[in-house]
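What follows draws every value from the coordinates through simple rules; no lab data is involved. The model shown is predicted, which means the values in this text are computed figures rather than measured ones. For neighbour counting, all protein chains shown are included, and Cβ atoms are generated from backbone atoms with ideal geometry for every residue, glycine included.
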Amino acid sequence: MTEGELPRVTKELLAMVISITRECDGCIVAHTRGALREGASRQQVAEAIGRRDCHERRTGHGLGSEGPSRLRRSGGRGKA
């Protein structure tokens, strides 16, 4: 991803959240790793997932709590 109005780390975090909602495991791993590579902290990744969970509770869409547990299992490295 190239730098633009949004920093690459933000784009990777957005892509990660979209990947979670689309239930694409390979994409989740790739974009989580990308976000971490671009300098996102584990806390930022968890917060982005939390925003997705907040949306899910209101709309009924998403993967439940799988996103945060997947992050914990991977030790924040993006491995599912």
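Give me the one-decimal nm value for the distance between modelled label points at Asp25 and Glu38, 7 Å along each residue's Cα-to-Cβ direction.
2.5 nm
Tell me the label-point distance for the pair Arg51, Leu6, using the 7 Å Cα-to-Cβ offset, in nm and rounded to one decimal.
Placing both labels 7 Å along Cα→Cβ, they lie 0.8 nm apart.
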